[in-house]
């Protein structure tokens, strides 16, 4: 996601990255009341929730477990009363019955699989907020993603490098090197390590929410949003991705 300008009184989320001037932030929620705390609660609820398979296993185990123990006890008594070798063979056979018929696999398999799957998904950035969410995946035929931050990484790349004149790219790079904005960093990455040093802009200023401006070679330059660089809505077209515009004096604006 791209940076958003904030003003006094605006709300910001914990973990947000400040790319501009130092700001003073008042914490309105801490620990369990914060957004991170809410995510933790969702994960705990998902792990502690009871899916249909878990409920079925628990219902069967409530009958199966006592029956197994009664069978083991009956085996012990049978060998003890009818056998001729004493209590040790009786105990060994009773334990063997418990081991073979133990309902651990029935009672623990579903919860263990649920916890393991939720943990694996969490490590890949997927939070399961409902206990039966994993079961419903088998019936899923359509998936709707919130693209920003889910399918994208907030690391834009310049795609029209070959369409930009060298003079315009050098001027834009001279301004972009003084900003931490993701679009400015994309220009710097596109330049690579082999680009010769650029001129130092005079009167350099970064306007939050608009862009950068400065004087390069005696020309007033602006790099930023379309409307801030004097670009009309007809010229601007961000349907294919975010854009940066460069205005050098009275020359036609260039698009990145």
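The values are calculated or read from the model by the stated rules, or taken from the named source; none is laboratory data. In this text the structure is predicted, and so the values were computed from the model without any measurement. Note: ideal-geometry Cβ built from the backbone for every residue, glycine included; neighbour counts use all protein chains shown.
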Next on the checklist: Anything in the stretch 199-231 that is on the phi > 0 side of the Ramachandran plot and part of a loop (DSSP other than H, G, I, E, B)? List them, or say none.
Outcome noted: 209, 217, 218, 230
Checklist outcome for this item: The residue that is farthest from the chain's Cα centre (by Cα), considering only those in the stretch 154-203 that are closer than 20 Å to residue 214 by Cβ and modelled with pLDDT under 80, is 199
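Take the conditions at pLDDT 85 or above and either within 19 Å of residue 229 (Cβ to Cβ) or surrounded by 10 or more Cβ atoms within 10 Å (Cβ to Cβ) (or both) and apply them to residue 112. Does it pass?
Details: at pLDDT 85 or above: no; either within 19 Å of residue 229 (Cβ to Cβ) or surrounded by 10 or more Cβ atoms within 10 Å (Cβ to Cβ) (or both): yes.
So residue 112 fails the test.
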Checklist entry - Does at least one position in the stretch 88-109 carry a residue that is surrounded by 14 or more Cβ atoms within 10 Å (Cβ to Cβ), modelled with pLDDT of 80 or more and more than 30 Å from residue 66 (Cβ to Cβ)? => result no
Next on the checklist: I need every pair where a residue in the stretch 39-64 that is modelled with pLDDT of 70 or more has its Cβ under 6 Å from the Cβ of a residue that is part of a loop (DSSP other than H, G, I, E, B) and surrounded by 15 or more Cβ atoms within 10 Å (Cβ to Cβ), sequence separation at least 6 or different chains.
Outcome noted: 61/103; 64/103
